[in-house]
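The values are calculated or read from the model by the stated rules, or taken from the named source; none is laboratory data. Keep in mind that this is a model prediction, so the values were computed, not measured. Don't worry about glycine lacking a Cβ; one is built from the backbone with ideal geometry, like all the others, and counts go over all protein chains shown. Heads up: the accessible areas ignore ligands, DNA and RNA and are worked out on the full protein's heavy atoms, side chains in. Shrake-Rupley method; radii C 1.70, N 1.55, O 1.52, S 1.80 Å.
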Amino acid sequence: MTARILDGRAIAMAMRSALAGRVATLPFVPGLVVVLVGDDAASAVYVRNKDRAAAGAGIFARTVRLPTAMSEAELLSCIAGLNDDAAVDGILVQLPLPAHIRVGVIVAAIDPAKDVDGFHPLNVGRLAEGTPFLAPCTPTGVMRLLAAANVVAAGARAVVLGRSAIVGRPMAALLLAADATVTIAHSRTRNLAAECRRAEILVAAVGRAQMVRGDWVADGATVIDVGINRLADGTLAGDVAFGECLPHAGAITPVPGGVGPMTIACLLENTVTAAIARRN
Ligand code: GUN
């Protein structure tokens with residue numbers, strides 16, 4: 001068997017064009033502000049992609065660029081200003097932040113109604129409770145990708161590899177909300193390969209290039225690769241050894257062109273969701 005390759009770019013394009021249609025009917029222009037502290041090269045690329053995609057969907061996006069040397073207090077005051085700005089519906093503080101700024105303090109300062117990343121403790125709690133409002137964009141994008149590919153989560157054995165706050169944990173919560181039977185595997189899991197082989201849906205989000213090998217994948221499994229790792233030769237690789245897994249999997253996402261575009265489409269959807277909720 002050769003796996004079906006799930007084209008995240010095409011699915012995300014369709015989502016964005018449907019969203020642009022919805023935005024055109026709104027009596028206001030949704031506003032998104034991305035806050036970028038410092039000059040991390042990868043972050044600058046993400047931020048540029050987000051800005052472009054927002055404009056295409058009829059969302060007014062701007063980026064606030066701040067120096068690495070700014071204090072936590074200064075960043076808090078910037079966020080307070082955005083919380084108070086009625087034209088701003090979504091606030092995204094790009095991670096990672098410089099080491100002297102505490103992520104938890106910053107995330108908790110964002111108005112939960114404008115928290116398009118879904119990282120604020122209130123939104124994390126809503127998701128954990130099974131009543132998500134603004135859920136994190138990458139795991140939401142994975143759920144949308146599964147749905148678009150007609151992969152049914154309900155009743156399926158799902159294994160999430162990785163337990164980060166941005167992907168692994170919210171991914172498990174969303175799969176559970178969709179009635180999957182969910183295992184979270186991580187660096188301390190005994191016999192990772194055997195755990196992964198039990199998965200009908202395997203989501204890899206560990207940030208280690210090509211860690212998931214061909215013999216970790218059950219025949220016919222759906223393999224979702226959230227990783228984006230830069231190899232020594234400059235090329236991009238996911239957390240999954242794509243070529244090895246292709247003959248085993250039933251469906252698999254490529255890197256790039258799989259989950260990445262879905263994340264951005266979901267960010268735009270969250271912005272519109274926040275805008276409608278706030279302005280009603
Ligand atoms: N850095 C890497 N992924 C993300 C994300 O989803 N949101 C934010 N704010 N920063 C990130």
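If I fit a long axis through the Cα atoms of helix 8-24 and take the longest principal axis of the Cα atoms of the chain, what angle between them do I get, 0 to 90°, rounded to 10?
30 degrees
Quick check: Cα centre of the range 9-87 to Cα centre of the range 201-240, how many Å?
Cα centroid of the range 9-87 versus Cα centroid of the range 201-240: 28 Å apart.
Over the range 32-157, what is the mean sequence separation of C-alpha contacts under 8 Å (at least six apart), divided by residue count, expressed as relative contact order in percent?
Reported relative contact order: 22 percent.
Quick check for you: with a 1.4 Å probe and neighbouring chains kept, what is the accessible area per residue of the chain, in Å²?
On a per-residue basis, the chain sits at 45 Å².
Tell me, what is the percent relative contact order of the range 187-274, built from C-alpha pairs under 8 Å that lie six or more residues apart?
That works out to 26 percent.
If you average 1/r over every pair of different alpha-carbon atoms in the range 204-280 and take one over that average, what Kirkwood value in Å do you get?
Radius from the Kirkwood sum: 13.8 Å.
About its Cα centre, what dipole magnitude does the chain give when the only charges are +1 on Lys and Arg Cβ and -1 on Asp and Glu Cβ, stated in debye to the nearest 20?
Here the chain has a charge dipole of around 240 debye.
At a 1.4 Å probe, what is the % contribution of carbon and sulfur to the accessible area of the chain?
56 percent
Which listed residue (Leu95, Asn83, Ala24) has the Cα farthest towards the positive end of the charge dipole for the range 9-119, taking +1 on Lys and Arg C-beta and -1 on Asp and Glu C-beta about the Cα centre?
Final value for the positive-end residue is Ala24.
Chymotrypsin sites (Phe, Trp or Tyr not before Pro), restricted to the range 1-93: which are DSSP loop and have at most 13 other Cβ atoms within 10 Å?
Phe28
Calculate how steeply helix 168-177 sits against the longest principal axis of the alpha-carbon atoms of the chain, using the helix alpha-carbon long axis, and give the answer as 0 to 90 degrees to the nearest 10.
The angle comes out at about 80 degrees.
Would you work out the charge dipole size for the range 15-87 about its Cα centre, treating the Cβ of every Lys and Arg as +1 and the Cβ of every Asp and Glu as -1, and quote it to the nearest 20 debye?
For the range 15-87, the charge dipole is close to 500 debye.
Loop only by DSSP, 10 or fewer other Cβ within 10 Å of the Cβ. Give me the trypsin sites (Lys or Arg not before Pro) in the range 168-213 that pass, ordered by residue number.
Passing sites in the range 168-213 are Arg188, Arg190.
If you average 1/r over every pair of different alpha-carbon atoms in the chain and take one over that average, what Kirkwood value in Å do you get?
Details: mean 1/r = 0.0519 Å⁻¹.
Kirkwood radius, the chain: 19.3 Å.
Antiparallel DSSP bridges in the chain: what percent, to the nearest 5?
Percent antiparallel among DSSP bridges in the chain is about 5.
Measure nothing but the geometry: give the 0 to 90° angle between the long axis through the Cα atoms of 259-279 and the longest principal axis through the Cα atoms of the chain, rounded to 10°.
The angle comes out at about 40 degrees.
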